[in-house]
Structures are given as structure tokens and as C-alpha cells.
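Okay, structure first, notes after.
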Amino acid sequence: MKKITTIVATAALIASVSYAKEIKIGVVLPLTGPIAAFGQTSNDGLKIAYAERHKLKNGDKIKLIVLDDRGDKVEAATATKRLIDKNHVTAILGEVASSNSMAMAPIAERSKTPMITHASTNPRVTKGKKFVTRACFIDPFQGAIQANYAYDHGYKTAVIVTDAKQDYSVGVSKAFKKAYLKRGGKILGRVIINSGDKDFNAQVSTIKSKHPDIVDFTGYYPEAALMVRQARAMGVKAAFIGGDGVGFPELIKIAGKAAEGFMYSDHFNEAAATSPAAKAYVDAFHAKYHKPADSMGALAADAYNMILDAMNKCSNPADKICVNKNLRDTKNFQGVTGVINIDKNGDAVKSGVVNVVRNGKFAYLTTVNP
Ligand code: PHE
């Protein structure tokens, strides 16, 4: 009797070892180039999540294939094709910038490969797509957070800064305008910049001449840092508010004191994070990197875990259709960045925060629920 048990146990062991597969997840990030901080911080968070969990419940092992697109949409598309056609990944995580995710989405859609962007907030990323999901809120939500926060704190007139090269910025500008007007605010004007610009003399002069209470800066941190520095140097007294694209250490590194008081809507602030998922992540993050956990890494960790949860619900975790269905059906996911529910468009319905630069650090102001 004993012998038979041993044989059965051994057979079961062999079976589980020989059948454990490797399941590949492709990742597309801007690890180098002008917005490298987006990619690097995403990757930091991903490493924490992967270290915690890299096996599925059936024993299959997860392999991550991370590709750098240098922040370029053509490269993002090429990387996506390569991950699907050459690496045969089951799912794709990425990108950060909405313009880059929008270059990837049609490829994922055509090949029926589930794609989840952890950070792209423009509504058009998922629009009309059955295979594209996101772990973050969308820009109409964060535009309204900025507008309402600004108006309710006494900033009744605004100038909007739009980065014409970024779909993200165009979308946030539109959302801010709509919500700010609805609240009762007055838009005094709009100035246009382009990613890569270094000299904002003309735009800052326009802003100065309009005397707004607040400037809504809707682009990314490299331009935000230079513009706010030049604005302060030219005597602009208006407050600055922005979106998730500005809250990076580079903002403070480049703008120095001029960054003080810069407010922005964001996905997460560890100071306000109390859930078990957030606490575990923040502790692991501190232990590994010895710095505060940022929102970008937290979003990447959430997107990764959403994929694994979706895979765990499939009898074959490499079945892309099944994984996609479960991803789109995500409900009540207890993430680092909060509780995530995916709606019928593939968008995450969840809370956001407002942060501010205070004494050279990112401080928490408030949480806004959907
Ligand atoms: N939301 C930005 C976009 O869609 C990307 C971003 C997210 C940047 C979070 C920084 C932090 O383009």
C-alpha cells in the first residue's frame, strides 16, 4: 500500500514538472529617450511585482520580455509586432505615453493579443478596441480633478498649456476646459508647446500678459520643469497645476525652487495608501530602492497582477482570448493604486489623488473618488 502511494506521488510530481509551461508577457516601455523616467519607474515597479509573484496557480512560470521603444511611437509599434510574431507572448503590458499606446493598440487588436496599458490615460487608447484594457483612470476624470481642485481653492481664471505633439496633453486640455467652465471658471487663453521645446519665452510672455490665477500645464515633466522655471524667472505669479505626466523627481531637479507649489493629479501617493496591497508594495519598494514609491511603478505592478489574475482564471493560461476576456471582466481588483473595476470600454474606474511639490518633495493633498 505504502509503495503504491509513493509511486503515485512520484508520478504526480513528474507530471507537474514536465507540464509546467513558460508563459510569456511582453512589455513595451520608454526605457531611454526624452521620457525615460516613465519607463524606468515602470520597470522598477514591475520588478517588485515579479519578485513577489512569477508563477501561476497551475505551476506555469511567467517570463517577462521587456523591450525599449525609446519613447517613440514607430518603435513602440515595431516592438509590439516583434513580441507577438517572434516571441509569441500571451499578453502585452505598456506603453506609458498615450500616443505610443495608440500606436500599439491596433496591432494588439488585429492579432487578438490582450494588451494592458498601466499608465496611458487618453480615452482613444481603448476606444473601439476589444483587446485593449488599462489599469489607470482616463483623462476626462483627471482633467476634472484638476479643474475642480483649482476652482474650489480660489483659482477662478486659467490659461491652458497644451503640448500639441502628445495626444495625452490634447486630451487633458480638453477635459480641463470642459470641467473648469462647468464649475464656473474662466479660461483666459491657451498656449501651445511641442515636446522637445526648450525655450518658452514666447508662451510665458503670453501667460504673463493674461494674469491668470492658475496655469493648467497638461504636458510631461521635461517641458513642465523648464516652463515653470522660465515662468518664475520672468515674474509669473500664477499657480501651476498639471496631470500625472509632471510628478517626477526630474521636475524638482530641473526647476528647483520654481517647482514649489506645483500641484498635479496623480494615481497614487504612498502617504495616502493604506490597503494591504499598497502597504506590502510600498514596504518592498522602500527595501529595494530606498526612496518613496511613485505612482508609475505602482500602476505597472497593478497591471502585471491583473494579467496574472486573468491567466489564473483560464484552464490554459496561454489562451489569449480567455485571458483577454478575464482582463476585461476585472472587478473589485485590490490593487496598489486602489480598487480597480474595468468598465465596458476597458477603462479602469478608480480614485485619483492630488499631490503638490512642497519643500522639494511630492506631498499628498487629497483623494478624489469617481
Ligand atoms: N497619462 C500619461 C499619458 O497617457 C502617461 C503617464 C502616466 C505619465 C502616469 C506619468 C505618470 O500619456
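The values are calculated or read from the model by the stated rules, or taken from the named source; none is laboratory data. This one's a predicted model, so the numbers in the text were calculated from it and none came from an experiment. Methodologically, a virtual Cβ is constructed for each residue, glycine included, from the backbone with ideal geometry; neighbour enumeration extends over all protein chains shown.
Can you name every residue in segment 114-171 that is within 10 Å of the ligand (Cβ to nearest atom) and part of a loop (DSSP other than H, G, I, E, B)?
Those that are within 10 Å of the ligand (Cβ to nearest atom) and part of a loop (DSSP other than H, G, I, E, B): His118, Ala119, Ser120, Thr121, Asn122, Cys136, Phe137, Ile138, Gln166.
Conditions tested, residue by residue: (1) buried (at least 20 other Cβ atoms within 10 Å of the Cβ); (2) closer than 27 Å to Pro276 by Cβ.
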{"position": "Asp319", "(1), (2)": "no, no"}
{"position": "Lys325", "(1), (2)": "no, no"}
{"position": "Lys331", "(1), (2)": "no, yes"}
{"position": "Gly338", "(1), (2)": "yes, yes"}
{"position": "Val353", "(1), (2)": "yes, yes"}
{"position": "Lys361", "(1), (2)": "no, yes"}
{"position": "Thr366", "(1), (2)": "no, yes"}
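With (1) within 18 Å of Thr126 (Cα to Cα); (2) touching a helix residue (DSSP H, G or I) at 6+ places or on another chain (Cβ under 6 Å); (3) not small (Gly, Ala, Ser) as the list, and Ile340 as the residue in question, which single condition is left unmet?
Result: Ile340 fails condition (2) only.
Please give the number of the condition Ile62 fails out of (1) crowded, with 19+ Cβ neighbours inside 10 Å; (2) under 20 Å from the mean Cα position of the chain (by Cα); (3) farther than 29 Å from Gly196 by Cβ.
So the condition that Ile62 fails would be (2).
Which of the residues spanning segment 172-199 are away from the ligand (no atom under 14 Å from the Cβ) and of a type in the set (Ser, Thr, Tyr)?
Tyr180
List pairs: first residue in segment 154-171 and farther than 19 Å from Asp197 by Cβ and assigned by TED's automatic domain parsing to the domain that holds Asp213, second residue among the aromatic types (Phe, Trp, Tyr) and within 15 Å of the ligand (Cβ to nearest atom) anywhere in the structure, Cβ distance under 8 angstrom, at least six positions apart or on different chains.
That search, which allows pairs on different chains as well, returns Ala158/Phe176.
Hey, does segment 68-79 have a residue that's more than 17 Å from the chain's Cα centre (by Cα) and either closer than 22 Å to Val349 by Cα or touching a residue at least 40 places away in the same chain (Cβ under 8 Å) (or both)?
yes
For (1) touching a Cys at 6+ places or on another chain (Cβ under 9 Å); (2) within 16 Å of the ligand (Cβ to nearest atom); (3) touching a residue at least 12 places away in the same chain (Cβ under 8 Å); (4) over 19 Å from Ala91 (Cβ atoms), each residue gets a yes or a no:
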{"position": "Ala287", "(1), (2), (3), (4)": "no, no, no, yes"}
{"position": "Leu299", "(1), (2), (3), (4)": "yes, yes, yes, no"}
{"position": "Asp309", "(1), (2), (3), (4)": "no, no, yes, no"}
{"position": "Val323", "(1), (2), (3), (4)": "yes, no, yes, no"}
{"position": "Gly335", "(1), (2), (3), (4)": "no, yes, yes, no"}
{"position": "Asn341", "(1), (2), (3), (4)": "no, no, no, yes"}
{"position": "Arg358", "(1), (2), (3), (4)": "no, no, yes, yes"}
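Select from segment 97-113 the residues that are within 9 Å of the ligand (Cβ to nearest atom) and out of contact with any Asp or Glu (no Cβ under 6 Å at 6 or more places or on another chain) and list them in ascending order.
Ala97, Asn100
How do the pairs read when you match residues in segment 238-255 that are closer than 12 Å to Ala150 by Cα and within 11 Å of the ligand (Cβ to nearest atom) with residues anywhere that are modelled with pLDDT of 95 or more and hydrophobic (A, V, I, L, M, F, W, C), using Cβ under 8 Å and keeping only pairs 6 or more apart or on different chains?
Taking only residues 6 or more apart or on different chains, the pairs are Gly242/Phe217; Gly242/Ala224; Gly242/Phe262; Gly242/Met263.
Among the numbered conditions (1) touching a residue at least 40 places away in the same chain (Cβ under 8 Å); (2) in contact with a Phe, Trp or Tyr (Cβ under 6 Å, 6 or more places away or on another chain); (3) under 18 Å from Ala36 (Cα atoms); (4) part of a helix (DSSP H, G or I), tell me where Ala224 comes up short.
For Ala224, the failing item is (1).
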